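To start, the structure under review is shown below, and the notes come after it.
The values are calculated or read from the model by the stated rules, or taken from the named source; none is laboratory data. All figures in this text were calculated on a predicted structure; none of them were measured in a lab. Neighbour counts run over all protein chains shown; Cβ positions are idealised from the backbone, glycine included. Each accessible area value is taken on the protein alone, full model and side chains, heavy atoms only, with ligands, DNA and RNA left out. Shrake-Rupley method; radii C 1.70, N 1.55, O 1.52, S 1.80 Å.
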Amino acid sequence: MIAAQAVRAAPMRRAIHARPRHAVRASRPARVGVTWEVRTFGATSALIAFVFVTAMLYLGQTTAVSTLGYEAQRLERTRDELRRQNALLEVENARLDSPARIETQASKLGLVRAASVPVVNLDTITAKR
């Protein structure tokens, strides 16, 4: 039985000390699942995502600027139209306030020009008190 034990013990010793340490590490695979293909895929995916987000931000800002430009043009057209209408209303106001037009309208209504306008002097009223 001692010989049988020695036979069993010998293979175990050989398996433990059969290879040097550096040979054991070299035969182990590198980290499982993290190969250069995976790292390259991750880096490429991150780059594509970054470019996509940057492009979307650029397009969003460009669209906002052009929208504001169109809004500014619309407001300028509205301002110009209101200035034109204001000028027409000032001309109409000047025409309606002219003394000749007022006299014509008054005569159409049957009003006549007063021959004299009585003016009350305030000095005489205060002196009677």
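Numerical summary
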| quantity | calculated |
| --- | --- |
| Sorted peptide list for 46-52, 116-122, criterion being average Cβ within 10 angstrom, highest first | 46-52, 116-122 |
| The range 65-129: C-alpha gyration tensor shape, a/c 1.5 cut-off, then a/b vs b/c | oblate |
| Portion, in percent, of the accessible area of the range 39-87 that falls on carbon or sulfur, probe 1.4 Å | 70 |
| Rounded to the nearest 10 Å², the accessible area of Ser45 at probe 1.4 Å | 50 |
